[in-house]
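Working notes for the structure below.
The values are calculated or read from the model by the stated rules, or taken from the named source; none is laboratory data. Just so it is clear, the structure is predicted and the values come from calculations on it, not from any experiment. All Cβ positions, glycine included, derive from the backbone under ideal geometry; neighbour counts span all protein chains shown. Note: accessible area is taken over every heavy atom of the protein model, side chains too, but ligands, DNA and RNA are not part of it. Shrake-Rupley method; radii C 1.70, N 1.55, O 1.52, S 1.80 Å.
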Amino acid sequence: MSIFDKCDAYTLAREVQAMGIYPYFTPIEETTATEARIGGDWKVMVGSNNYLGLTHHPKVLEAARRASLRYGVGSTGSRFLNGTLDLHYDLEARLAAFFNKEAALVFTTGYQASLGVLGPLLGRNDHAYLDRLDHASLVDGARLGVGEMHRYSHSDFDGLGRQLARTPAGSGKLVVTDGVFSMEGTIADLPRLVAVSKAHGASILVDEAHALGVLGNDGAGTVSHFGLQNQVDLILATFSKSLASIGGVVAGPENVIHYLRHHSRALIFTASMPPSSVAGALAALDVMRNEPERRVRLWQLTRRVATRLRSLGFDVGATQTPVIPVVVGDPIRAMTMWRALFDDGVFTHPIVPPAVPEHTCRLRVSLSAEHTDEQIERVLCAFERVGRLMSLQARDSVPMAS
Ligand SMILES: Cc1ncc(COP(=O)(O)O)c(C=O)c1O
């Protein structure tokens, strides 16, 4: 028996490659905020998380360029040692104020922020309660801690209450949820979650990855959307979506942030966010505040696309945000549809297990404020053509709404 036997036993990806419907690791040759050139052809990008379309904004590009010239292209060290720039502190101060919290701590990615917060916080005798649909980074973060992780059924707050009630007296308790669920596009019912958590003396962490820039005051996320800043203890967010950069943040009470600064292995044992990414995120925060029309446009497109896909007979679940799943069934069906859309000039993502259950595989469509009406029309027409080819639309679909 060799440690590598499992590698030979893993054949699924090669089988899908042989079928010509392998959707992963596609090399992109050039991009705009809303299109990608692949194999020489431009595709409309509805598979990114570029919600505000800021990746190519002139002010964001200029800030990144200036920071590279001033500090170089890499930080070459940990935040703990030589990797902290004045820019990192600027970004932390800005984000603490933005999320209405005492302090903030910036990590190199959103994924590392989850590991770097949950790992050190969940000590012996501590318990974390995660929604079944929480992002993998939160699950991995909770696994890193020595405390116990519990999963509750999606949005089952009675079930959460029962789990909390069973927790041994004297334990630390943290309820952890996505603000917007990344594969469903639904908004967490934070008022109910807060009520149940507080009734049992639990603290609360909300991951605003897909809500930042999309929901709430100035785009501050679901906690702001519901006006619960004083009830939610910790806010996590990533810069890789609306902020068009890479990096992650936790915002919360000063004593917690101070503790994490000195105990978070995902912060200490890795190099810090590169200068251009920090400057890009700072500039994106400015643009987000100064150009609120981007959020207005994003929501107009969201309503239009969800309505049209529904009227075409597609199952878009209960989506409430610019993340719109089109549920198609099993993995092969999802990848076949992905390929047909790709050939029709549309870049989506097939979402298959373990990200979603086997029979609810989906194409994930995500919108950007920069999408033009013409691009959206191209996407919808491609869905209509491909859906018909695959007989995916419900037979009782109603005529297209305008
Ligand atoms: C809900 C959620 N949290 C965290 C992350 C990790 O963020 P990043 O990709 O910036 O590391 C993601 C990324 O997809 C996410 O969807």
* If you go through region 363-374 one residue at a time, how many are under 15 Å from VAL346 (Cβ atoms), open to solvent by 10 Å² or more (accessible area, probe 1.4 Å) and either of a type in the set (Phe, Trp, Tyr) or touching a residue at least 40 places away in the same chain (Cβ under 8 Å) (or both)? -> 2
* Got a sec? Which of VAL327, VAL316, VAL352 is more than 18 Å from GLY20 (Cα to Cα), of a type in the set (Val, Ile, Thr) and open to solvent by 10 Å² or more (accessible area, probe 1.4 Å)? -> VAL327
* Structure fact -> Restricting region 237-269 to residues that are in a loop (DSSP other than H, G, I, E, B) and either small (Gly, Ala, Ser) or without any contact (Cβ under 8 Å) to a residue 40 or more places away in the chain (or both), the one surrounded by the most Cβ atoms within 10 Å (Cβ to Cβ) turns out to be SER242
* Could you run through region 99-143 and say how many residues are within 9 Å of the ligand (Cβ to nearest atom) and either of a type in the set (Asp, Glu) or in contact with a helix residue (DSSP H, G or I) (Cβ under 6 Å, 6 or more places away or on another chain) (or both)? => 7
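To keep it simple, each residue is scored yes or no on (1) within 21 Å of the chain's Cα centre (by Cα); (2) in a loop (DSSP other than H, G, I, E, B).
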site: LEU285; (1), (2): yes, no
site: MET288; (1), (2): yes, no
site: ARG295; (1), (2): yes, no
site: THR307; (1), (2): no, no
site: GLN320; (1), (2): yes, yes
site: ILE324; (1), (2): yes, no
site: ALA340; (1), (2): no, no
site: VAL356; (1), (2): yes, yes
site: LEU363; (1), (2): yes, no
* **Qualifying position, being within 15 Å of the ligand (Cβ to nearest atom) and within 19 Å of LEU91 (Cα to Cα), among ALA220, ALA209** => ALA209
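Part of a strand (DSSP E or B), open to solvent by less than 60 Å² (accessible area, probe 1.4 Å) and either among the aromatic types (Phe, Trp, Tyr) or within 30 Å of LEU54 (Cβ to Cβ) (or both): which single residue out of LEU205, LEU138, LEU174, LEU212 fits that description?
The conditions single out LEU205.
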* Asked: Restricting the search to region 144-171, which residues are within 16 Å of the ligand (Cβ to nearest atom) and either open to solvent by less than 10 Å² (accessible area, probe 1.4 Å) or over 15 Å from GLY123 (Cα atoms) (or both)?
  -> ARG151, HIS154, SER155
* To do: Report, by residue number, each residue of region 319-355 that is of a type in the set (A, V, I, L, M, F, W, C), in contact with an Asp or Glu (Cβ under 9 Å, 6 or more places away or on another chain) and more than 24 Å from THR31 (Cα to Cα).
  => VAL326, VAL327, VAL328, VAL352
* Asked: Out of all the residues in region 79-95, is one or more within 22 Å of the chain's Cα centre (by Cα), free of Cβ contacts under 8 Å to residues at least 60 places away in the same chain and either in a helix (DSSP H, G or I) or away from the ligand (no atom under 16 Å from the Cβ) (or both)?
  -> no
* Structure fact -> Of SER224, SER272, the only residue that is more than 19 Å from ALA113 (Cα to Cα), in contact (Cβ under 8 Å) with a residue 24 or more places away in the chain and crowded, with 22+ Cβ neighbours inside 10 Å is SER224
* **Selected residue (only one of GLY387, GLY313 is of a type in the set (Gly, Ala, Ser) and not in a helix (DSSP H, G or I))** => GLY313
* Structure fact -> The residue that is farthest from the chain's Cα centre (by Cα), considering only those in region 179-193 that are within 16 Å of the ligand (Cβ to nearest atom) and not in a loop (DSSP other than H, G, I, E, B), is LEU193
* Of the conditions (1) over 18 Å from THR34 (Cβ atoms); (2) in contact (Cβ under 8 Å) with a residue 40 or more places away in the chain, LEU380 clears all except one; give me its number. => (1)
